[in-house]
Amino acid sequence: MSIQEPPIQNSGIMGGKFLSRGVVKKNDGDIYLATDMYTGNVLDIMCHQFELLNADEYSYRLMENDSKTFLLSSYANVIAKIESRKDDICKYFATEYSGENKITFDDLSTCSERVGLSLNKQEILTLWRKLDKRRKGKVSFTKLIKLLESESHQNAV
């Protein structure tokens, strides 16, 4: 792992190399592994906290294609978690949602919180990437409903 800080003009922060490439230990003495690198995770490194905000397309695909190692990027695991709340999700978008018939990642995240799902940012992102394959930033909420219904029928068979 290595950490580079971008220079921010007139902030008093020089930017540049914060941590050279190497093995980094956690506070408990274990080392950080690839499985610790997911969107939304907060890493405590040398008394500084770093929140992982996003990753590149290659990293997301790697995690999604190796869902046994990267459990939070397993689409099947995410669907299994939300299966019990499918009706609540449908109800939220049918009654409480005040937007158009299109939803964004933030709308999906808000819905997750409101219906009581304990999904972290990486799990919501995994579901979102399945919904928004064309990366437009908005999808019809009926697409989410259809996806949930089709998955529940596949799991029932």
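Just a few scattered comments:
- Under 16 Å from the Cα of K138 - aspartates and glutamates, other chains or at least 8 residues apart: E100, D106, D107
- Inter-site label distance for V42 and N77 at 7 Å from Cα along Cβ, in nm: 2.1 nm
- Across K86/K143; K86/K146; K68/K133; K102/K133, pairs whose alpha-carbon gap is larger than 18 Å: K68/K133
- Straight-distance crosslink candidates among lysines, where the alpha carbon sits under 23 Å from K25 and sequence neighbours closer than 8 are dropped: K17
- Cα centroids of the range 31-63 and the range 82-157: 24 Å apart.
- Counting all C-alpha pairs of the chain, share separated by more than 20 Å (%): 58 percent
- Estimated [θ] at 222 nm from DSSP helical runs (n ≥ 4, -39500 (n - 2.57)) normalised by residues in the chain, nearest 500: -11000 deg cm²/dmol
- Packing here is the average count of other Cβ atoms within 10 Å per residue, and on that basis the peptides 37-43, 20-26, highest first, run 37-43, 20-26.
- Global form of the range 74-156, assessed from the alpha-carbon gyration tensor, a/c cut-off 1.5: rounded
- Distant-in-sequence amide H partners of F18 (H built 1.01 Å from N, under 5 Å): I3, Q4, E5
- Mean separation of Cα contacts under 8 Å (6+ apart) over length of the range 74-156, as relative contact order %: 40 percent
- Sequence-distant contacts, meaning Cα pairs under 8 Å at least 6 residues apart, place the relative contact order of the range 32-98 at 17 percent.
- Amide hydrogen neighbours beyond the local backbone of I103, cut-off 5 Å, H modeled: V139, S140, F141
- Helix screen, the chain: DSSP H segments with Cα axial length of 18 Å or more and mean Kyte-Doolittle hydropathy at least -1.0 are 141-156.
- Contact order relative to length of the chain, as percent, for alpha carbon pairs under 8 angstrom and 6 or more apart: 16 percent
- If you plug the beta carbon distance of K91 and R134 into 1/(1 + (r/R0)^6) with R0 = 25 Å, you get a FRET efficiency near 0.35.
Computed from the coordinates by the stated procedures, all read-outs in this text should not be read as laboratory data. Only a predicted model underlies this, so the values are computations on that prediction, with no experimental measurement involved. Heads up, the Cβs are rebuilt from the backbone with ideal geometry, glycines too, and the neighbour counts pull from every protein chain shown.
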